[in-house]
Amino acid sequence: NAGVTQTPKFQVLKTGQSMTLQCAQDMNHEYMSWYRQDPGMGLRLIHYSVGAGITDQGEVPNGYNVSRSTTEDFPLRLLSAAPSQTSVYFCASSLLQGVAGNTIYFGEGSWLTVV
Amino acid sequence: SQKIEQNSEALNIQEGKTATLTCNYTNYSPAYLQWYRQDPGRGPVFLLLIRENEKEKRKERLKVTFDTTLKQSLFHITASQPADSATYLCALGGTGANNLFFGTGTRLTVIP
């Protein structure tokens with residue numbers, strides 16, 4: 001049982017490039033989400049999904065795209081990278097968010113630098 | 001919009017003492033509150049959850065209180081150890097699928 005697995009761990013992008021951050025979980029969780037963490041700010045929700053085929057925007061969705069074709073996978077796509085997207089990205093999953101506060105499991109993070 | 005404040009960016013405490021971390025919030029009425037631990041270069045790890053109708057929760061050396069009148073949660077680590085050194089995050093949750101908001105965290109250092 002690996003939990004939540006994110007790849008890559010580190011990535012450097014040039015402005016304007018696109019890339020995909022991968023996230024997979026093996027706990028059969030319905031809810032998956034992506035957060036970004038920046039210095040002096042709390043974790044901020046980018047996009048989330050309550051099940052396969054269903055996605056929705058969080059607090060800071062601009063510049064990012066997601067899809068959920070399977071229960072296990074929830075990739076995050078940067079369409080045209082900008083320096084403002086330099087951040088640490090965390091993928092998370094839980095049984096079902098918003099229901100009596102289910103435990104959220106986080107991945108180990110992906111450090112992205114856009115130059 | 002909601003605002004979450006964790007008492008200080010950094011807290012140093014002597015080994016064996018009780019560490020107390022504070023989470024204050026405004027413009028929000030959470031259904032529950034969670035505390036997470038985050039080590040450098042790692043993802044947050046869930047520690048405790050307390051619901052709005054609960055006053056206190058305990059787990060081993062950890063204790064959380066939740067005062068909805070004061071809009072505050074206190075997180076205590078008793079008999080602190082150097083291994084407790086980490087950043088601790090509070091998060092406020094509602095009943096919606098996108099309603100979980102995190103504070104910026106308090107970096108705790110336990111000095112041997």
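The values are calculated or read from the model by the stated rules, or taken from the named source; none is laboratory data. Fair warning: this is a prediction, and the values are worked out from it, not measured in the lab. With ideal geometry, Cβ positions are generated from the backbone for all residues, glycine too; neighbour counts draw on all protein chains shown.
Laid out as a table, the results:
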item	result
Cross-chain or 6+ apart pairs with Cβ under 7 Å, the stretch A:27-39 first and within 10 Å of A:Gly58 (Cβ to Cβ), then among the hydroxyl-bearing types (Ser, Thr, Tyr)	A:Ser33/A:Tyr48; A:Trp34/A:Tyr89; A:Arg36/A:Ser87; A:Arg36/A:Tyr89
Qualifying positions in the stretch B:25-66 - at pLDDT 95 or above and away from chain A (no Cβ under 13 Å)	B:Glu56, B:Arg58, B:Glu60, B:Arg61, B:Leu62, B:Lys63, B:Thr65
Positions within the stretch B:10-28 being in a loop (DSSP other than H, G, I, E, B) and either surrounded by 12 or more Cβ atoms within 10 Å (Cβ to Cβ) or touching a Gly at 6+ places or on another chain (Cβ under 8 Å) (or both), in sequence order	B:Glu15, B:Lys17, B:Thr18, B:Tyr28
Matching residues in the stretch B:39-63 - criterion: being farther than 15 Å from B:Leu100 by Cα, crowded, with 16+ Cβ neighbours inside 10 Å and touching a Gly at 6+ places or on another chain (Cβ under 9 Å)	B:Gly43
Looking only at the stretch B:82-96, and only at residues there that are within 12 Å of chain A (Cβ to nearest Cβ) and surrounded by 13 or more Cβ atoms within 10 Å (Cβ to Cβ), the one that is farthest from B:Tyr36 (Cα to Cα)	B:Thr95
Residue count, the stretch A:21-58 (criterion: in contact with a strand residue (DSSP E or B) (Cβ under 8 Å, 6 or more places away or on another chain), over 13 Å from A:Thr71 (Cα atoms) and not in a strand (DSSP E or B))	4
Flag if A:Glu72 is facing chain B (nearest Cβ under 9 Å) and modelled with pLDDT of 95 or more	no
Considering residues of the stretch A:49-66 that are surrounded by fewer than 16 Cβ atoms within 10 Å (Cβ to Cβ) and small (Gly, Ala, Ser) only, the residue nearest to the chain's Cα centre (by Cα)	A:Gly63
Those residues of the stretch A:74-107 which are within 21 Å of A:Val4 (Cα to Cα), of a type outside the set (Val, Ile, Thr) and surrounded by fewer than 16 Cβ atoms within 10 Å (Cβ to Cβ), in sequence order	A:Arg77, A:Leu95, A:Leu96
Close pairs from the stretch B:51-65: first assigned to a loop (DSSP other than H, G, I, E, B), partner of a type in the set (A, V, I, L, M), Cβ under 7 Å, at least 6 apart	B:Glu52/B:Ala31; B:Arg61/B:Ile77; B:Arg61/B:Ala79
